[in-house]
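Chemist: Submitted below is the structure of interest, expressed as structure tokens.
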Amino acid sequence: FYFNPLSDSPGTEEDQAKFPWALPKNLWPKEIPEMETNCKALGKVMQEVIGFLGEQVDRVMANKGLKTYDANLGQTLRETNKCKGRLLYYFPPKETAASEPVSEDGWIGWHNDSGFMTGLTPDIFVDDTDGSVMENPDPEGAGLWIVDRDSSAVRVRIPADCMAIQVGECTQVVTGGEFVATPHCVRGVRPQFAAGRKVARVSCPCFVDTHPTFPLDRWEPGQSFGDFLGATFRRYYDWALGKSSAPPEKKAANLLMDEDPV
């Protein structure tokens, strides 16, 4: 379920017509009236915290004396109305024998977020049959994994009363690689720990980005953030629908090789 916690109709009509993939209107389920209030409250807190982190990015870049940096992320991310929440339900992994390994990225494959910063909620694990909440039955295996600066895969544990923030590719681009996007995946519960239960996972990341007209110069001079998102989506769906043989992340990796070190 997608939603914008900051505005039910973000941007102007002109913005929405030009960047429909970036500024969709909200449509809330009437059957769950409290969902709108809770989702908006969560997203607004995440955007506020990410705005503070953006200020720290600005300070780091100023201290490094890099004159090419002019993103002003603190103010830009605090004033944006381009914010996408995703209420996600990870269905139980396919049933396998206890001796068979679970794919290391079975719930979500390894990738970087394409935007600026992503707020993350703690894991919630539930029994798929009745919705009851449970502790993670596979705490050393199931959940969010990232690649650290030593190129090691690390299991991330977010305390129940905290949030985490991931850096996306656009922050990596505008800082010239001083801040690096976080490679991550989500692993499912291994069958020997599920004990016959159908274990699912719930999370609600919030992607806080700049306005679509923000100048990015990602793949070509003059490209805006909205242009970049549109090109990214087209590459993905061309691949997913069989119109392209190369996965979109490999195309992106090849393009990154032509840019500044990141």
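The values are calculated or read from the model by the stated rules, or taken from the named source; none is laboratory data. Note that the coordinates shown come from a computational prediction; the quantities given were computed from them, not determined experimentally. All Cβ positions, even for glycine, are placed from backbone atoms using ideal geometry, and neighbour counts span all protein chains on display. Ligands, DNA and RNA are excluded from the accessible area calculation, which covers all protein heavy atoms including side chains. Shrake-Rupley method; radii C 1.70, N 1.55, O 1.52, S 1.80 Å.
Chemist: For the stretch 113-142, give me each residue that is open to solvent by less than 20 Å² (accessible area, probe 1.4 Å) and part of a loop (DSSP other than H, G, I, E, B). Spell out how you get there, then give the answer.
Modeler: Residues of the stretch 113-142 open to solvent by less than 20 Å² (accessible area, probe 1.4 Å): 113, 115-119, 125-126, 138, 141-142.
Listed by number, the residues that qualify are Asp113, Gly115, Phe116, Asp138, Gly141, Ala142.
Chemist: Another one. Taking Gly43 as the residue in question, decide whether it is of a type outside the set (Phe, Trp, Tyr) and modelled with pLDDT under 95.
Modeler: no
Chemist: Considering only residues that are without any contact (Cβ under 8 Å) to a residue 24 or more places away in the chain and either in contact with a strand residue (DSSP E or B) (Cβ under 6 Å, 6 or more places away or on another chain) or closer than 27 Å to Ser7 by Cα (or both), which ones fall in the stretch 191-216? Break it down into steps so the answer makes sense when it comes.
Modeler: The first filter runs over the stretch 191-216 and keeps only residues without any contact (Cβ under 8 Å) to a residue 24 or more places away in the chain, leaving 196, 215.
Across the stretch 191-216, the qualifying residue is only Pro215.
Chemist: Every residue in the stretch 211-242 that is of a type in the set (S, T, N, Q) and assigned to a helix (DSSP H, G or I), please.
Modeler: Filtering the stretch 211-242 down to residues of a type in the set (S, T, N, Q) leaves 213, 223-224, 232.
Thr232, the sole residue that qualifies.
Chemist: Another one. So, of the residues in the stretch 27-69 that are among the charged types (D, E, K, R) and outside any helix (DSSP H, G or I), which turns out to be surrounded by the most Cβ atoms within 10 Å (Cβ to Cβ)? So that I can check it myself, show each step before the final result.
Modeler: Of all residues in the stretch 27-69, those among the charged types (D, E, K, R) come to 30-31, 34, 36, 40, 44, 48, 55, 58-59, 64, 67.
This time we only want the ones that are outside any helix (DSSP H, G or I), so: 30-31, 64, 67.
Values: Lys30: 8, Glu31: 6, Lys64: 12, Lys67: 7.
That would be Lys64.
Chemist: Within the stretch 154-190, count every residue that is open to solvent by 30 Å² or more (accessible area, probe 1.4 Å), in contact (Cβ under 8 Å) with a residue 24 or more places away in the chain and assigned to a strand (DSSP E or B).
Modeler: Qualifying residue count for the region: 2.
Chemist: Tell me yes or no: at least one residue of the stretch 75-91 is open to solvent by 50 Å² or more (accessible area, probe 1.4 Å), in a loop (DSSP other than H, G, I, E, B) and without any contact (Cβ under 8 Å) to a residue 24 or more places away in the chain.
Modeler: Our first condition is that a residue be open to solvent by 50 Å² or more (accessible area, probe 1.4 Å); within the stretch 75-91, this holds for 75, 78-79, 84, 86-87, 89, 91.
Of the ones still in play, those that are also in a loop (DSSP other than H, G, I, E, B) are 87, 91.
Checking the rest, the ones that are also without any contact (Cβ under 8 Å) to a residue 24 or more places away in the chain come to none.
Checked the stretch 75-91: no residue is open to solvent by 50 Å² or more (accessible area, probe 1.4 Å), in a loop (DSSP other than H, G, I, E, B) and without any contact (Cβ under 8 Å) to a residue 24 or more places away in the chain.
Chemist: Further question on the same structure: Considering every residue within the stretch 187-206, establish whether at least one is under 11 Å from the mean Cα position of the chain (by Cα) and of a type in the set (Val, Ile, Thr).
Modeler: For the stretch 187-206, residues under 11 Å from the mean Cα position of the chain (by Cα) and of a type in the set (Val, Ile, Thr): absent.
Chemist: Mind telling me which of the residues Pro24, Pro5 ends up being in a loop (DSSP other than H, G, I, E, B), at pLDDT 95 or above and under 19 Å from the mean Cα position of the chain (by Cα)? First the steps, then the outcome.
Modeler: On the way: Pro24 fails: at pLDDT 95 or above.
Exactly one residue qualifies, and that residue is Pro5.
Chemist: Moving to a separate point now. So which pairs qualify, if the first residue must be in the stretch 92-113 and of a type in the set (Asp, Glu), the second must be assigned to a loop (DSSP other than H, G, I, E, B) and at pLDDT 65 or above, the Cβ gap must be under 6 Å, and the two must be at least 6 apart or on different chains?
Modeler: Partner pairs satisfying both residue conditions: Asp113/Gly168.
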